Structure formats: structure tokens, C-alpha cells
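The values are calculated or read from the model by the stated rules, or taken from the named source; none is laboratory data. Just so we're clear, the structure is a prediction, and the values are computed from it rather than from any experiment. Cβ placement follows ideal geometry from the backbone for every residue including glycine, while neighbour counts extend to all protein chains displayed.
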């Protein structure tokens, strides 16, 4: 295989009707592209069709990403599509926000260093200075943006400036223990992922594992979701849970929960970076690989 061939990832959403798949496939065939991976989903409740296609430019007929986009536009208009086309070789630029709990950050950086996450990390921000030495040891700029009730607007303004200046594609709240303002949520709409330390919706607020322990739960989990102005109510990307015993203490539940948080967040970030997620109202369609 010629590794110099360009590979593209194509996402689309449109009203369902006959001919969508054949038209897209025909367009790729006519332009000497080879399909590497293709997934489809029809939402019965809305009659909306979703499709993710990965294809390789075998003949070089179209050339650039812009040329592919321009060539596909008449088809998109014909089927009333919302669509995106991405160069698979371009790594999304990710800004990670963290507070004092470092387990999710440390897990993401380990996976990134090992080449398991297809992302670039131009910076990490925090409202505390606890993670500075670890982050800088990994060679990543660390921005300590302290925040108080009176300074919140200015602190969030600095976050927005960093997102713009660093050309950030995705913000990850890796146990960043601050509620984002409506303005910042709107600015980051569709490109900010949070990890919530429970299997939503349940046990909101402070010390969720202690709440769970007091209720004698038999299962705990974690939820990765997009951030919206509705606190912890954004479209869910990934969830996981494990059974637990009454014999575990609250502190032991915390340790179990942190492992789940790390794995759930890592999958959500991986799927976002590989353009596997399409918004479906307050839900998501996730074309995830089989585990």
C-alpha cells in the first residue's frame, strides 16, 4: 500500500431516503477513491440517516481536501446533508483542563505518549498549581489560571484566548472542578468533553462516591459527555459501570471509580479525535469500533 495516499473521514447526517449510500459510493468510485471503513445508522424516531465513511484517495484525481469538499457539495445539496470532511492525518489540537485530581490527566498523557491517542496537546490549564511539575516533565506548557467568584469572567476570557491563539479543536475537562459559565459553554459548544464521576443521572454534587456508599449501591460508573449550559446534562458520548460489593469502603469506591473515569474519558477522546461522533439532538450517534 502506498502510505503517501491521503485518507479522509467523511461524516454526514440528512433526512433518510433511497440512494444516499449508492450516490456517495458512486462519487468515490468515480474519483478513484477506495472505501476503508463505512458505518450507517437510521434513527427510526426522526427518520434521519447518519453515515461515517473512511476512504483513501487511490488515484490522486481530486488532490486536496478543498477539492474533495467542492466536488461533494452538489450531492450534499441534493440530499440536504449536514456534513464534514476531515484529513485523517491531521491530529486534533486538544487543550486539557484539570484541577487537583490528576488521575484522568495522567492517564491521557500516558496514552498520548504511547501513541494511543491521535491528538496534539499544545497546553494544559488548571485553576491550581498542583499538576505543574508532572505536566512540564511531559514537555507541555502549563497555564495556572487561578479563579475566584470575582475573577471568573476574566479567567474564562483567558481560556477563550488560549483556545483561539493555540487553534484548539477540543477542550477536555479532566476532572476540572469548575462550572463553566453559559458564555464559555456557548463558545465551546460541540467541542468540550467532560468526565462525570457517576453513571448519570445520579448522585450529583459533592462526594458522589460517598453518597453512593451511603445508599449501598451495587454498581458505580462514569459518564463522558459534551458540555452544555445544563449542568451535567449534555449529550452522552460514553458510559461504563462495574459491580461493587458492600464490603468496599467509600475510599475503595473512589479508587474503583477513578479507574472507570480514566477509561471512559480516554474512549470519548479517542472517538472524538477519530471523528466517530455525530450529534443527534440531545443524544449522540457514535460509530465506535468493536471492543
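A few points about this structure:
- Residues of the stretch 128-144 that are assigned to a loop (DSSP other than H, G, I, E, B), on the phi < 0 side of the Ramachandran plot and either crowded, with 18+ Cβ neighbours inside 10 Å or out of contact with any helix residue (DSSP H, G or I) (no Cβ under 9 Å at 6 or more places or on another chain) (or both): 128, 129, 130, 131.
- Among residues of the stretch 220-234, those that are modelled with pLDDT under 90, assigned to a loop (DSSP other than H, G, I, E, B) and touching a strand residue (DSSP E or B) at 6+ places or on another chain (Cβ under 9 Å), counted: 3
- Qualifying residue in the stretch 126-137 (condition: touching a strand residue (DSSP E or B) at 6+ places or on another chain (Cβ under 9 Å) and in contact (Cβ under 8 Å) with a residue 40 or more places away in the chain): yes
- Beta carbons closer than 9 Å, at least 6 apart along the sequence or on distinct chains, never pair a first residue in the stretch 46-58 that is not assigned by TED's automatic domain parsing to the domain that holds residue 81 with a second that is in a strand (DSSP E or B) and crowded, with 18+ Cβ neighbours inside 10 Å.
- Answer residue from the stretch 258-291, given it is at pLDDT 90 or above and over 15 Å from the mean Cα position of the chain (by Cα) and is surrounded by the most Cβ atoms within 10 Å (Cβ to Cβ) among those: 260
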